[in-house]
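Single-structure report; data block below.
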Amino acid sequence: MPCDVMLIAYDGSDHAKRAIEYAGRFLAANKAVVLTAWEPMVRQAARMSGLSGVMQPDWVPDEDIDDIAYTDARAINDEGLQLAKAAGLNAEPRTAECTSTIWTTIVECADELDVDLIVAGTRGSTGIRALLHSSVADAVLKHCHRPVFLVPPITAKATQPG
């Protein structure tokens, strides 16, 4: 029996593409919402200048022009939507502006839509790399009270014939 609503976190990465492929292959849902979370350029610039110790520029975005990050997010989301439909899912698009972290945006959107399942790909980082680069998928899994379907990346072992 299919779930009612599935949320697919999609950022355009190969890991996210793989997650859509597996969702279409193994899962059934009446509706799949493909979510691309994005952060406005002004906040990205402020975060990066803060991390580098450089003074933050007095940059104010032009209200008449779409934020390039939003434009990119829509294009990425459209790609994910097409992949989901090609995978046989009854998919619809959604972009959401991040006000804090990507994982928080995913969890909040899942709550708002009252989804039955969240689908995400993972980078499969381990060791020092995992400590230095926090995983969005891990944070969603730890902080969400909904079932999460995580698709790991292809490993060299998995691709060898045998």
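Extending 7 Å from Cα along the Cβ direction at ILE154 and again at LEU113 yields two label points whose distance is 2.7 nm. Here r is the Cβ-Cβ distance between GLN82 and HIS143 and R0 is 30 Å; the resulting FRET efficiency, rounded to 0.05, is 0.50.
Quote to one decimal, in nm, the extra length available between ARG18 and THR71 on full extension: 0.36 nm per residue of separation minus the C-alpha distance between them. List each step's numbers first, then the result.
Details: separation 53, 0.36 × 53 = 19.08 nm, distance 2.33 nm.
Length gained between ARG18 and THR71: 16.8 nm.
For the set ILE8, ILE68, solvent exposure ranked by accessible area (probe 1.4 Å, protein chains only) runs largest to smallest as ILE68, ILE8.
Can you tell me how much longer the chain between GLU97 and ASN30 gets when fully stretched, taken as 0.36 nm per residue apart minus their C-alpha distance, in nm with one decimal? Let's see the in-between values first.
Numbers: separation 67, 0.36 × 67 = 24.12 nm, distance 2.53 nm.
Gain in length upon complete extension: 21.6 nm.
The values are calculated or read from the model by the stated rules, or taken from the named source; none is laboratory data. What you are looking at is a predicted structure, and each value in this text was computed from that prediction instead of being measured. FYI the Cβ positions are ideal-geometry reconstructions off the backbone, even for glycines, and counts take in every protein chain you see. Accessible surface is based on the protein model in full, side chains and every heavy atom, while ligands, DNA and RNA are left aside. Shrake-Rupley method; radii C 1.70, N 1.55, O 1.52, S 1.80 Å.
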